[in-house]
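One structure is given below, encoded as structure tokens.
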Amino acid sequence: MVSWEAVTAISTAVTAVVIAATVAVGYRQIRLAGDQLEHLRHSTQLEGTMSAFADLETAEFRAARLFVENELDARMRDARFRDDVLVPFHALDESEHKEILVVQTFEKIGTYARHGLLDTVLIADYCGPLIREMWQKLETCGYFELRRKNNAYSAENFEYLYDAAMDWYDNDDPPFRTSRRGTREASAANERA
């Protein structure tokens, strides 16, 4: 006859094996769920990035960008226009203050990037020169200085985006530099030597 101690020992061993198997399966499920969440995050980021990039391709944004590039500096010399810059965005006439669209678009993209919803490296790779040019044009003509007289935080997320783009461009060796760029730089250095 089988003793109860032996039955208890066998059932304890079987229970331990079942628990160990459950833990192993649970660990695998957690890892798979983590991978799925990461893929979902990338998918969501891609959708948001594509939407942000689409905003940069609209006719209205192009017109606003050209206004900043070609007209804003001269308009900032007009006292009435400069006084208007102190007024909150929602109270301004967007047909006269086309720069609002540039500032608000990059402020929105910068907000998403600052909170990890958009990838700053991807944004800098796609539109870093545009971010840099728009920020520098607006800063050079004193636009941000005026905006920040009434709101010290005005365009802070646009500034975050600008800083991220500049950090990306200041990096000597981003992981995705093309070999062509390196070849051109090496050729230019050899010609100077």
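Every number in this text was worked out from the coordinates using simple rules, so none of it is lab data. Please read these numbers as outputs of a predicted model, since none were measured by experiment. Cβ sites come from the backbone with ideal geometry, for glycine too, and all protein chains shown count toward neighbours.
Taking the Cα centre of region 5-120 as origin and assigning +1 to Lys and Arg Cβ atoms and -1 to Asp and Glu Cβ atoms, the resulting dipole is close to 480 debye.
Between the helical axis of 99-114 and the longest alpha-carbon principal axis of the chain there is an angle of about 20 degrees.
In plain terms, the bigger the Kirkwood radius, the slower the diffusion; for region 51-125, with that radius from Cα pairs, at 25 °C and 0.890 mPa s, Stokes-Einstein puts D at 181 µm²/s.
Among all stretches of the chain without exposed chymotrypsin sites (Phe, Trp or Tyr not before Pro) (DSSP loop, at most 14 other Cβ atoms within 10 Å), which one is longest? The longest uninterrupted stretch comes out as 1-152. Within the chain, the longest run free of exposed loop sites, counting trypsin sites (Lys or Arg not before Pro) that sit outside DSSP helix and strand states (H, G, I, E, B) and have at most 14 other Cβ atoms within 10 Å, spans 78-176. What do you get for GluC sites (Glu not before Pro) in region 55-153 restricted to DSSP loop and a cutoff of at most 13 other Cβ within 10 Å of the site's Cβ? Those that pass, being in a loop and sparsely packed, are Glu57, Glu71, Glu96.
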